[in-house]
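The values are calculated or read from the model by the stated rules, or taken from the named source; none is laboratory data. Remember, predicted model here, so these are calculated numbers, not experimental data. Counting neighbours? That spans all protein chains shown, and the Cβs are built from the backbone with ideal geometry, glycine included.
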Amino acid sequence: MTAKPSVAFTYKVHIDEGVKKEGPLLLRSAWKPQGDKLGLVIEYSLNPAWGTDPVLFHNLSLVATYTSVKATACQTKPTGTHLKEKSLVYWRLGDLTLDQAWHKVICRFTGSDGAAPEPGQIDARWEIHNTASSHGSGISISRLAASKGKEKEKEDSSDPFADDSISGFMNPAGLEKWIELETSRKLVSGKYEAK
């Protein structure tokens, strides 16, 4: 019987310019006012900075919000869901493998009383499950164990938390090594915005 893996810890990456360039998903949006209507085209693609191999996005969803006037109607392609009371439309695209080719969703809102809704923001949500990803924080998990010569050892077998000046004192015979544990990583977007 195989034990079910458990979450060791989660962390949030601070979004700065470097992370924005390295994010896996690229979004381009174009709002088009047309009298009492507001058109929207959202294009999405894999970021070339993420790599050249296609990436599987799990539960990919795109959400567009609008402001000012409530829309009385909304046409979408592919089929999306319009929540008039929340002034948004969303597309559940599911599991998609993306490469650098651009894909798109479109919609058109019809305003009430001859006024058009105003553009809002675009959000994307997804998960990426990848055990061999080179992206992320570079955090690994190790355990201290007696060396048997069979485990995959990290290049630096010293205690990552110890002061180098006393590491020999803690493990004088070098009988214990830090062994990297097998991990599974999942990248989960919280909120990915484009305006």
Problem set entry | Total residues in region 104-129, condition touching a Gly at 6+ places or on another chain (Cβ under 6 Å) and of a type in the set (D, E, K, R) | 1
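I'd like the full set of residues that are in a loop (DSSP other than H, G, I, E, B) and either over 15 Å from the mean Cα position of the chain (by Cα) or at pLDDT 70 or above (or both), limited to region 4-39.
Let us first name the residues in region 4-39 that are in a loop (DSSP other than H, G, I, E, B), namely 4-16, 23-24, 35-36.
Hits for region 4-39 are 4, 5, 6, 7, 8, 9, 23, 24, 35, 36.
Would you be able to say whether some residue in region 87-105 is acidic (Asp, Glu), closer than 16 Å to residue 25 by Cβ and in a strand (DSSP E or B)? Steps first, answer last, please.
At the first step, the residues of region 87-105 found to be acidic (Asp, Glu) are 95, 99.
Checking which are closer than 16 Å to residue 25 by Cβ leaves us with 95, 99.
Restricting the remaining residues to those that are in a strand (DSSP E or B) gives 95.
Looking through region 87-105, at least one residue is acidic (Asp, Glu), closer than 16 Å to residue 25 by Cβ and in a strand (DSSP E or B).
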For this session: Starting from residues that are under 13 Å from the mean Cα position of the chain (by Cα) and not in a strand (DSSP E or B), keep the ones in region 40-72 and report whichever is nearest to residue 119 (Cα to Cα).
Result: 47
Problem set entry | Matching residues in region 103-145 - criterion: being in contact with an Asp or Glu (Cβ under 9 Å, 6 or more places away or on another chain), of a type in the set (S, T, N, Q) and at pLDDT below 80 | 131, 140, 142
Problem set entry | Any chance residue 89 is assigned by TED's automatic domain parsing to the domain that holds residue 29, surrounded by 19 or more Cβ atoms within 10 Å (Cβ to Cβ), farther than 22 Å from residue 46 by Cβ and among the hydrophobic types (A, V, I, L, M, F, W, C) | yes
